[in-house]
Amino acid sequence: MTAQPEKAAVMPVATPALRPRLAVRHLVLGGAIVIALVLPFVAKSFVIFQLTQVMIYGLAILGLNILTGFNGQFSLGHSAFYGFGAYTAAILMHRYGVPYYLTLPAAGATCFVIGFLFGLPALRLQNLYLALATFALAIAVPQILKFQPLEAWTGGVQGLVVDQPDPPPFLPIDTDQWLYYLTLTVVLILCGAAWNLVHSRTGRAIMAIRDNPIAASAMGINASLYKSLTFGVSALYTGVAGALGALAVAFVAPDSFNLLLSVSLLVGLVIGGVGSIPGCLFGGLFVLYVPNIAESISTGLAGAIYGIILLIVIFVMPQGAAGFVRLCLGRLPRLRQVQTGSGGGKP
Amino acid sequence: MELLLHQVMAGLATGAIYACMALAVVMIYQAIDHLNFAQGEMAMFSTFIAWQLMVWGLPYWLAFILTVAVSFIGGVLIERVLFRPIHNAPILSNLVAFIALFSILNSGAGYIWDFTIKTFPTPFGTKPLFAGALIDGHEAGMIGVTLGMLGLLYLFFRGTRLGLAMRAAAANPESARLVGIRVGWMTALGWGMAASIGAVAGMLIAPVVFLEPNMMLGGLLYGFAGAVLGGLTSPAGAVAGGFAVGVIENVAGTFIPYFGRELKLTIALVLIVAVLMFRPSGLFGRREVSRV
Amino acid sequence: MRQLTRRSILAAVPAALALKAYPARAKEYGPGVTDTEIKIGNTVPYSGPASSYGTIGKAQTAYYKMLNEKGGINGRKVNFISYDDAYTPPKTVEQARKLVEQDEVLLIESPLGTPTNSAIWQYMNQKKVPQLFVATGATKWNDPEHHPWTMGWQPNYQSEGHVYAAYILQNKPDGKIGMLYQNDDFGKDYLKGLKDGLGDKAAKMIINEGPYETTDPTVDSQIVGMKAAGCDVFVNTGIPKFAAQAIRKAAEIDWKPLHILSSVGNSVGAALKPAGLENAKGIISDFYLKDPTDPAWKDDQGFKDWLAFMTKYYPDGDKTDVGNVVGYSLAQTMTQTLTQCGDNLTRANVMKEAANLKDFVLPMVLPGIKLNTTPKDFAPIKQVQMAKFSGERWELFGSLLNGAPS
């Protein structure tokens, strides 16, 4: 895992002026990983569970971000991919006794295929029309999961109970800690992969399509293929998050994967910062903790307070947390000249 | 055959709800170039205001007019206070602001007026339109008012200077500003009108679905679908789309064996998406051509 | 209240005697209990689309406020911690774990909803924390053998379905049934109960199933379909909003079947009034609680106490909302259980006493219905009584009915 940041540092062909900033970034990233590794030994197990959930939502948001932030396609249907991932894991474990670690790649693969196939017809649709198509997907999935003839697999409206994985016997940790580390590992791998994807030729093609589809096509980028592929990869990320979610919660039910989840992911995406990979984790934090904060202020008006917090955040940081951090960094005079050279992942 | 007729009529009646919402959705889309996800909740809140006024003893029509006026002011205020400051932020940030507004209005209404359903009066009566008719007075009235609003809007946008200015402001803010149109106020005006149309829609829908904080949720979802199906650039298309969604949903739910009942919503949505494959700008929408 | 207090004292006496007899066992405490406090956790949806159920949590909170002012349970105040789970299973797991692991509550009282309770079912039983009197009518909560830390409360939906089946078989054995139900766990439980109750005849009798989604604006299409299919029995298991729409639509299109309304949607104030009382005349339903909007209870002492409670401790609460009766009754059941525990407030003993309710009478439950549990029977309320709507009030008839033994 720790290999990723090093690679990340090498990737952009850095001008000398960029170096100090990369070192800072290095330090921050390294520090964050160390803290993440130590946390499970100091926090209560339910806090560990919450943090696991934060990472899972962060990963799902990253999936959405790949599609929306980097490719400019809009989706209200990511709850569906999250649900497919969760159900793939749950069904494989519950009905076929597949070990949990195999369900993650299985969920990813399933969602990649579904996402890719969904991306094909979605090619013809843009903006709001695409939003409607994905929205249809979000509405349809709970209904399909409840659908009577499929009950033999899905458990219908009653849902499926998933056994939580036991930690490997040679490690002196409990289930929550194990799930935490498992999730952390998966998240780091997938974040690294996303970083590499974005900074590769493919990534540039994907972003070119976002910025100017016509020019991109003119330059010989196969827009259809890349858009469908992006859809597939995006679904893969969210699907793996769903599978991890099923393991963490140990239960899946159709109504967990409704439009509301899609909306939450979207909120997390915007709050974290569209087009920012670390921003996704911040989005995950927001999705998990802000409803709790809202509720602790007033139970009766929990929804309204959530809305007000959301508005305040949007007012203060209209570009999301990532944009806000960039803005703050930009204001620091010492770093100003450094800042101008960085492309980052953000338009 | 009789069943088909019944289902089509029932579909038209629910379709009128969607058409109302779709019209409001398209209205605000015309004015601000965004879909307002809080539209349904704004309509619901307006309807509660009307209900409260009537509880305080005002007659229906007075409450109706007051509510439309209050909603107009409310819409303008929301634009000025909440959306003006972030109008330069990315579309997605605006979208999140809509979600926030949704949450605030929904939760606020539940807090003020409770969640138990309330009846809302109708000026059209609920007797069948004529002996043996398949739709009742209110449903007919709802369809009539929706079409009436559509006509008025058409005249407003095509026939008045203000309407033209609003269209210009939404279509091309920069050029509109250059010819002296106060684009900011046009947007605010658009919000006000959309809120008023929403209020009328809410007051027409409430007698059918009962008044409660979540009453517009379904209506908005289908209204949204209807608007997109009909074409977001065409108010008439949106109304037609709304009716179409109502009919498709009912007929598909009744006549597609095996899957139909449980998956009727899914089937309706799949059909809509399929239609959009062939008409990517909706049935009546203009194809957007962008300049490179 | 008077009723309960008297009973509480009566119940407390033997507990006190028992303590005298076994002084060595005095004062055993589980987590969340001190000499002055008992911590109880709870989850309900205060936000999101199911937030209308939030009032159940608020009514419980208000009840404990009243109880604490009156001295609490055996001298201990109840610290009732109620969290929002927005009706989403992952959030319920998070909140339940927060309650158990951070707030260290003694038990979790009445989490609301079937999927939400299912999500924490395993966790609570592994941790051996009581998940008591869950606010859902699924059948699976009565499973002491495999899930000894989870207990239901209300009559389960399936047994209500059985009751309707029995009524139909008796009164309209050749009926053609149309059934309206919500396309989720509770709707499907009713459907299953009805089918099981009808037995072999189910396939022949139920000719039209009309599921609806909570996002549907109306259920007109389903009702029109049932009339057109020639149904002459209508089983209406919608939540109040949809139940009311169905009643009104049936009257509008002049469809007059034998109309059976489930206990979910039979509130006079919340469903029948909006639908039009004259449209609801002759409808059959079943009850286990006293409907606070039914004028029949106007002079009933239990109802008057409830009203006084609502006025003083939960003035913002909606007095027509049956959720407030549910919350009040749930809290009373818990109070009784904890009172029975005396000073032995361990989790195991709480479960033992919860499984030891003997002919307990709740003031807002129908006269004659008594709560009984045993170590093999984790379903406190089993009985319902049928009633017919006179156009103004529900008139109870027949004896108390047991659903099928579940």
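Values quoted throughout were computed directly from the atomic coordinates according to the rules given, and no laboratory measurement underlies them. In this text the structure is predicted, and so the values were computed from the model without any measurement. Using ideal geometry, Cβ is built from the backbone for each residue, glycine included, and neighbour counts are taken over all protein chains shown.
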>> Counting other beta carbons within 10 Å of each residue's own, what order do B:Cys20, A:Cys328, A:Cys280, C:Cys341 fall into, fewest first?
In response: A:Cys328, C:Cys341, B:Cys20, A:Cys280
> So who's got an amide H within less than 5 Å of the one on C:Lys176, skipping anything under 5 residues away but keeping other chains? H placed 1.01 Å off N, in plane.
Replying inline: C:Asp232, C:Val233
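If r is the Cβ-Cβ distance from C:Glu395 to B:Tyr154 and R0 is 41 Å, what FRET efficiency results, to the nearest 0.05?
Working: r = 56 Å, r/R0 = 1.36.
Calculated transfer efficiency: 0.15.
Quick check: convex hull of the Cα atoms in segment A:129-238, volume per residue, rounded to a whole Å³?
On the way: hull volume 17.4 nm³, N = 110.
For segment A:129-238, the hull spanned by Cα atoms encloses 159 Å³ per residue.
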> What nm distance separates the two modelled labels at C:Lys127 and B:Gln52, each placed 7 Å from Cα along Cα→Cβ?
Replying inline: 4.1
>> If I model a spin label as a point 7 Å beyond the Cα along the Cα-Cβ vector, how far apart are those points for B:Val81 and A:Ile33 in nm?
In response: 4.8
> Got the relative contact order for segment B:129-225 handy, in percent, Cα pairs under 8 Å and 6 or more residues apart?
Replying inline: 15
> Which trypsin sites (Lys or Arg not before Pro) in segment C:292-386 pass both tests, a DSSP loop state and at most 11 other beta-carbon atoms within 10 Å?
Replying inline: C:Lys298, C:Lys358, C:Lys376
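For the protein assembly as shown, give me the percentage of DSSP beta bridges that are antiparallel, rounded to the nearest 5 percent.
Numbers: 19 of 51 bridges.
If I count the DSSP bridges inside the protein assembly as shown, around 35 percent turn out antiparallel.
Sort C:Asp185, B:Asp136, C:Asp305 by Cβ crowding within 10 Å, fewest neighbours at the top. Please report the intermediate quantities before stating the final value.
Values: C:Asp185 24, B:Asp136 21, C:Asp305 18.
Listing C:Asp185, B:Asp136, C:Asp305 from fewest to most nearby Cβ atoms yields C:Asp305, B:Asp136, C:Asp185.
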>> For Cα pairs less than 8 Å apart in space and 6+ apart in sequence, what is the mean separation divided by the residue count of chain C, i.e. the relative contact order in percent?
In response: 18
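Per residue of A:142-152, count partner chain C-beta atoms within 10 Å of its C-beta, then hand back the mean as an integer. Mind dumping the intermediate values first?
On the way: counts 5, 10, 4, 0, 8, 5, 6, 3, 0, 1, 0.
The mean count of partner-chain Cβ atoms within 10 Å per residue comes to 4.
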> For B:219-228, what's the mean count of beta carbons from other chains sitting within 10 Å of each residue's beta carbon?
Replying inline: 3
>> Which of B:Glu79, C:Glu145, B:Glu139 has the fewest other C-beta atoms within 10 Å, and how do the rest follow up to the most?
In response: C:Glu145, B:Glu79, B:Glu139
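Any idea what the relative contact order of chain A is, in percent, if you count C-alpha pairs under 8 Å spaced at least 6 apart? Write down the numbers at each step before the final one.
Working: 533 pairs, mean separation 106.7, N = 347.
With pairs under 8 Å counted, the relative contact order is 31 percent.
For the cross-link pairs C:Lys172/C:Lys241; B:Lys127/C:Lys249; C:Lys39/C:Lys128; A:Lys44/C:Lys39; C:Lys312/C:Lys370, which exceed 21 Å when the distance is taken from alpha carbon to alpha carbon?
Details: C:Lys172/C:Lys241 27 Å; B:Lys127/C:Lys249 11 Å; C:Lys39/C:Lys128 16 Å; A:Lys44/C:Lys39 19 Å; C:Lys312/C:Lys370 28 Å.
Over 21 Å Cα-Cα: C:Lys172/C:Lys241; C:Lys312/C:Lys370.
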> What is the Cα radius of gyration of the protein assembly as shown over 2.2 N^0.38 Å, N being its residue count?
Replying inline: 0.95
> So for the pair A:Tyr289, C:Leu277, with labels modelled 7 Å out along Cα→Cβ, what separation do we get in nm?
Replying inline: 5.4
> If you add up the charges near B:Trp191, with Lys and Arg at +1 and Asp and Glu at -1, over every other residue whose beta carbon is less than 11 angstrom from its beta carbon, what do you get?
Replying inline: +1
> When only DSSP loop residues count, what trypsin sites (Lys or Arg not before Pro) in segment B:130-199 have their Cβ near at most 16 other Cβ atoms within 10 Å?
Replying inline: B:Arg182
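May I ask for the longest run of chain A untouched by trypsin sites (Lys or Arg not before Pro) that are loop-located per DSSP and have at most 16 neighbouring C-beta atoms (other than their own) within 10 Å?
Details: sites that count: A:Lys44, A:Arg124.
Longest stretch, sites excluded: A:125-347.
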> Which whole-Hz couplings ³J(HN,Hα) result when phi for each residue of segment C:70-78 is put into the Karplus expression 6.51 cos²θ - 1.76 cosθ + 1.60, θ = phi - 60°, listed in order with x for Gly and Pro?
Replying inline: 8, x, x, 9, 6, x, 9, 7, 9
>> Give me a comma-separated list of calculated 3J(HN,Hα) values for segment C:48-62, in order, Karplus coefficients 6.51, -1.76, 1.60 applied at θ = phi - 60°, integers in Hz, x for any Gly or Pro.
In response: x, x, 9, 5, 5, 7, x, 4, 5, x, 5, 5, 5, 4, 5
>> Just to compare against my own numbers: the Cα pair-distance distribution for chain C, 20 Å bins, whole % per bin, please.
In response: 28, 57, 15, 1
